[in-house]
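The values are calculated or read from the model by the stated rules, or taken from the named source; none is laboratory data. As the structure is a computational prediction, the values presented were derived from the model and not from experiment. Cβ placement follows ideal geometry from the backbone for every residue including glycine, while neighbour counts extend to all protein chains displayed. Surface areas here come from the heavy atoms of the whole protein model, side chains and all, with no ligands, DNA or RNA. Shrake-Rupley method; radii C 1.70, N 1.55, O 1.52, S 1.80 Å.
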Amino acid sequence: MKPGRFITVEGIEGVGKTTNIRFLTSAVEAHGHTVLTTREPGGTPMADRIRELLIEHGDEPMPDIAELLLMFASRALHVNNVIQPALAAGTWVICDRFTDSTRAYQGGGRGFPQQDINRLADWVHGDLQPDLTILLDAPVEMGMRRAGRRGEPDRIEIERDGFFDRVRACYLQLAAAEPDRFVIVDASQDLEAVRRAIEGICAALCANDN
Ligand code: T5A
């Protein structure tokens, strides 16, 4: 059985990851593939409980190191219990955020060294890397404005002092460092233009897969 392809979608808050994953899923299915759509943090019942701990406004402070390790604890559950079995069964997996989020938020945003994050990544999912990462890029104020329509900000969304500018800059550095894996989409365009870009990326990937 030919293994499925692993596609991740990344970007700061409100750039349209959830919205565009719907377009992407339909486009991949239209090429005849079975698709599993999932997200991080979370993606399994236990990982979803870790997600709640990560984003809720709890009574107890969340040290940055605990946040980093919980991201990888959630990912270990998700990779072992959901992503790897699906890929092995030939299903394409489209994941809303993966380790590049940790590199951008805990690395770029919080300041953890990228080599420490990469060591954890090797440990948790060494042989699993995305085949393609779509980075939806838009100015921070635009993403925050769009995300704000959804309701009250969560524990991470309340960050200030340039946190999301550092996250965005880190994403762009990651994409520049791995141009074969990343495709950057200008998410400040209207939704129709973003959808067309996503469909073009999907067509190229599916053509290469045959
Ligand atoms: N996190 C996660 C880490 O710190 N480290 C990690 O390792 C991981 C995995 C939760 C948080 O966890 C952090 C990052 C996050 O802070 P999440 O739930 O994925 O992660 O968080 P969000 O990014 O906040 O998800 P959002 O739902 O806010 O953003 P989306 O999915 O990017 O945006 P979406 O699709 O919901 O769109 C928002 C609104 O904008 C509109 C949509 O219709 C919607 O109303 N919109 C557009 N409008 C006009 N034009 C466009 N082009 C539009 N695109 C979308």
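Things worth noting here:
- Shape call, the chain: gyration tensor on alpha carbons, a/c limit 1.5: oblate
- Taking all Cα pairs closer than 8 Å and separated by 6 or more residues, the relative contact order of the chain comes to 35 percent.
- Trypsin sites (Lys or Arg not before Pro) within region 148-193, DSSP loop, no more than 10 other Cβ atoms inside 10 Å: Arg149, Arg160
- Extension gain, Thr19 to His31, is 2.4 nm, computed as 0.36 nm per intervening residue step minus the present C-alpha separation.
- ³J(HN,Hα), Karplus 6.51/-1.76/1.60, whole Hz, each residue of region 111-120, x for Gly, Pro: x, 5, x, 4, 5, 5, 5, 5, 5, 4
- Most positive-pole-ward Cα, Ala204, Ala121, Pro179, against dipole of the chain from beta carbon charges: Ala204
- Only Cα sites of region 62-122 enter the Debye sum here, all with the same form factor; the resulting log10 I(q)/I(0) across q = 0.19 1/Å is -0.72, listed in q order.
- Met46 versus Leu191: modelled label distance in nm, points set 7 Å from Cα along the beta carbon direction: 3.7 nm
- Report summary: the helix-based calculation at 222 nm, which adds -39500 (n - 2.57) for every DSSP H run with n ≥ 4 and divides by the residues of the chain, gives -15000 deg cm²/dmol.
- Shape of region 147-210, Cα gyration tensor, a/c cut at 1.5: oblate
- Per-residue ³J(HN,Hα) for region 165-181, Karplus 6.51 cos²θ - 1.76 cosθ + 1.60, θ = phi - 60°, Hz, x for Gly and Pro: 5, 5, 4, 4, 4, 5, 4, 5, 5, 4, 5, 5, 6, 10, x, 6, 8
- Among Thr19, Ala47, Gly4 - extreme Cα towards positive end, dipole of region 1-53, charges at beta-carbon: Gly4
- For region 11-93, a/c is not less than 1.5, where a ≥ b ≥ c are the root eigenvalues of the C-alpha gyration tensor, and a/b does not top b/c. That puts it in the oblate class.
- Label-to-label distance, nm, for residues given as Met1 and Glu60 (7 Å Cα→Cβ offset): 4.0 nm
- For the chain: accessible area per residue (Å², 1.4 Å): 49 Å²
- Of Ala88, Val140, Ala30, farthest towards positive along the dipole that unit charges on Lys, Arg, Asp, Glu beta carbons give the chain: Ala30
- Förster radius 35 Å - calculated FRET efficiency between Asn208 and Trp123 (Cβ-Cβ, nearest 0.05): 0.70
- Between amide H atoms placed 1.01 Å from N, distances below 5 Å from Val185 occur with Leu135, Leu136, Asp137, all of them 5 or more places distant or on a separate chain.
- Applying 0.36 nm per residue to the separation of Gln173 and Ala89 and subtracting their alpha-carbon distance, the gain on full extension is 26.9 nm.
- The Stokes-Einstein estimate for region 34-147, based on a Kirkwood radius over Cα pairs and taken at 25 °C with 0.890 mPa s viscosity, is a diffusion coefficient of 162 µm²/s.
- In sequence order, calculated HN-Hα J values of region 32-41 (Karplus, 6.51, -1.76, 1.60; Hz; x Gly/Pro): x, 9, 7, 10, 10, 9, 8, 8, 10, x
- Amide H contacts of Thr37 (H built 1.01 Å from N, under 5 Å, at least 5 apart or other chain): Ile94
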